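Just so it is clear, none of the values below were taken in a lab; they were calculated from the coordinates. Just so we're clear, the structure is a prediction, and the values are computed from it rather than from any experiment. So basically every Cβ, Gly included, is an ideal-geometry build from the backbone, and we count neighbours across all protein chains shown.
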Amino acid sequence: MLSVLRVHLPSDIPIVGCELSPYVLIRHPDKTVSTEDVPESLPIEGHFLRYKWYRIQSDKKVAICSVHPSEQATLQCLGCVKAKIPVAKSYHCTPKCFSDAWQHHRVLHERAASAVNENGNEEEDIYGRFNNGTSGVNNTSLSSVQAISGLANGNLDLEGRLSSAGTFTVLSYNILCDSYATSDLYGYCPSWALSWPYRRQNLLREIVGYLADIVCLQEVQSNHFEEFFAPELDKHGYQALFKRRTSEVFTGSIQTIDGSATFFRRDRFSHVKKYEVEFNKAAQSLTDALVPNAQKKTALNRLVKDNVALIVVLEAKFNNQGVDNLGKRQLVCVANTHVNVQHDLKDVKLWQVHTLLKGLEKIAASADIPMLVCGDFNSVPGSAPHALLAIGKVDPMHPELAVDPLGILRPASKLTHTLPLVSAYSSFARIGVGHGYEQQKRRVDPNTNEPLFTNCTRDFIGTLDYIFYSADSLSVESLLELVDEDSLRKDTALPSPEWSSDHIALLAEFRCKPRTRR
């Protein structure tokens, strides 16, 4: 028979709820020894071996999900409490977790009911609505489940907004690709806090905790999207779309190339269309049209940087358009991008942003659709790319236009777009009203009204990330409160054991404005 000879946990990560990868030495029936798992699909003499190890939360005040031991519980089944079932079995991390586990969980209820023979009526009151022979649990079924932990972040009431059918939230977050999270770059961060097993759980808890309807992530490694983020966020009700960076100038493993990932809640939106923007292809077209043959190689070397954008058109499953617009589709176009990082390539940054905006203009021209443009633009407030996004044009005297060795930015009059884009954070600061405004005001630059920073490392602190929106069709209802610099830099900088990226997340709540008749 199968037997376990040795178990070792080669980990020094001081983390609660982080999945560990143990070293397990197994002896097979034929006396051979291996460290390979014995999967359920390929049993040995009818037996398989499956194991997961977690550091369990020792704080008795915090409950752990009975199904997913790496997750903190947010729901408790009161039926279990009433029936005196062991309390640890009553906890679940999400309503979906509870729903998916119900067919097995109900057995606990049935056993408890059988053990207390005299409880007929009481059992029906507690369990009757669940015992309907179906595998799902509808919204009314959750009346026997009590929320045991809430989450409110700054200006945005993450629990309260769920009841506001006409609004939706958008998260933008550069999560720091694992291949970039090295001790060489972030030597001030403990090595265990840079490890992917630690960071992925930390990031997942943070992302899920925001309860966003639309999630735009940058620097998502290809294999981590497929093996971790897509399946894990699927458990929380999200559908996933991904665009990997192109690889003309990348020499590493195809699996470690990062990209942009967009997730949306299936109960709030449905997928209509997806567009992929590859700036390398745009660079090839540009050089073919404008650059003399003798200079094409030099031009491509400068322009080809593998950056991409993922554009997704979604249809809302809610309606707040008023009686006159009942039955009309509410579409939203969401662009998610990560612009070239190199500081000396200001012309390339601006060209990439301009290329993206011209593509979005074409989509806007074909449909009456609000636009959201999210991402890490690697451009500070006041830079040429930021000006183009925020005000629709670039001043011909802007100093960054002087960096144009290929002549791709001339004439400056072409650097325009017609989309009515506004930065979510700066517009909220300019309005100067709303819950939490005074707190938020202390964390924005008074000159630009943008956050004081979204990227905070030992070598740089400043704003590179934005959420832009169509001001004619959307309004900002609330924002995630910005983290202050003191709390981030209490150790040194980002990433840190508490924050697993060198960027901070931006989150805005929007409402679709009623459409006017034409």
*Which listed residue (Trp351, Ile363, Gly392) has the Cα farthest towards the positive end of the charge dipole for region 343-412, taking +1 on Lys and Arg C-beta and -1 on Asp and Glu C-beta about the Cα centre?*
Ile363
*asked:* As a quick test, which of the pairs Lys96/Lys358; Lys89/Lys317; Lys362/Lys513 have an alpha carbon distance above 32 angstrom in this structure?
replied: Lys96/Lys358; Lys89/Lys317
*Whole-Å semi-axes of region 374-422's equivalent ellipsoid (Cα gyration tensor)*: 18, 13, 9
*Too long at a 21 Å Cα-Cα cut-off: which of Lys297/Lys346; Lys243/Lys296; Lys281/Lys346; Lys274/Lys414?*
Lys243/Lys296; Lys274/Lys414
*Calculate, for Val7 and Asp404, the FRET efficiency according to 1/(1 + (r/R0)^6) with r their C-beta to C-beta distance and R0 56 Å; round to the nearest 0.05.*
0.35
*asked:* Please compute the alpha carbon radius of gyration of region 278-358, then divide it by the globular-protein estimate 2.2 N^0.38 Å. Two decimals is fine.
replied: 1.59
*Projected label distance in nm at Asp395 and Asp37, using a 7 Å step from Cα toward the beta-carbon*: 5.9
*Compute the Rg to Rh ratio over region 253-408 from the alpha carbon atoms, using the Kirkwood formula for Rh, and round to two decimal places.*
1.03
